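The structure under discussion appears below in the form of structure tokens.
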Amino acid sequence: PALKIPPALVTLAVALVVAGSIIALLENQLRPVVAEIAAARAQNTMTAVVEHAITAGLAAREVSYSDFVTIQRDEKGAIAALTTDMVRMNLLRAELTAAILEALEETDVSVVQVPLGTLFDLEPLWAKGPSLKARAMTIGTVQAEFDSQLTSAGVNQTLHRIWLEVSVPMDLLLPGGEEETALHTRLCVAETVIVGQVPDTYLQLGQQ
């Protein structure tokens, strides 16, 4: 005798196939939106980690502006030069980069989940439904560079800030392929207000 499959089982199987097809279609059509949301979440998480590592490193070393820059004045008290101690700055950059790498390795941001409801601008569906998962991973090396910025702070006063700019490349492993992204952030390492006329050559170099 032929095997009879209960109608309820057939209905369930069809429903599962249809549901799977709908989810696959949504994943394909909404992938760019998912990638954008996943990238934003991964970047936010890693940016917080990076900035905390930098802030903690600076606090532990009690870094100040005078550690890196010496203001030289002539016999009349006018500013003659701003001398930067590149050895100290490069050492600090290397130490902070190592701290950032260590912090990233200890942070679990490998899986980012985006509920399908998050993709629709409907309050009843917000953050509900099946989740699309993306795996975030850092690739390459952390890039850290110093940037010097000079801006006017009033009459005959100049604000000099030294920034550390950090870039971390990332890969997002999404259904259907990979997406490259990166986080970029910068924090002020040291600053001071210079009283006196800063030479134009330094002002031009410091303009952003």
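Label-to-label distance for Gln72 and Glu165 is 2.7 nm, based on points extended 7 Å past Cα in the beta-carbon direction.
The H on the amide N of Ala190, modeled in the peptide plane, is under 5 Å from the matching H of Ile162, each at least 5 residues off or on a different chain. Based on the Kirkwood approach, the hydrodynamic radius assigned to region 35-88 is 14.5 Å, with every pair of different Cα atoms included. Whole-percent P(r), region 143-188, all Cα pairs, 10 Å bins from 0: 23, 30, 22, 15, 8, 3.
Here the 3J(HN,Hα) profile of region 184-192, calculated from phi with Karplus coefficients 6.51, -1.76 and 1.60 at θ = phi - 60°, is 10, 8, 8, 10, 6, 8, 7, 7, 7 Hz, Gly and Pro shown as x.
Residues whose amide H comes within less than 5 Å of that of Asp85, counting only those at least five positions distant or on another chain, are Val69, Thr70 (H built at 1.01 Å from N in the peptide plane). For Glu105 and Asn44, the difference between the fully extended length at 0.36 nm per residue and the C-alpha to C-alpha distance is 20.4 nm. Counting Lys and Arg as +1 and Asp and Glu as -1 over every other residue whose Cβ lies under 14 Å from the Cβ of Arg186, the net charge comes to -3. Residue-wise HN-Hα couplings along region 45-58, as the Karplus relation 6.51 cos²θ - 1.76 cosθ + 1.60 with θ = phi - 60° gives them from phi, are 5, 6, 4, 4, 5, 5, 5, 5, 4, 5, 4, 5, x, 5 Hz; Gly and Pro carry x.
No lab work stands behind these numbers, since they all come straight from the coordinates. Note that the structure is predicted; figures quoted are calculated from it, not measured. Cβ coordinates were reconstructed from backbone atoms using ideal geometry, including for glycine residues, and neighbour counts include every protein chain displayed.
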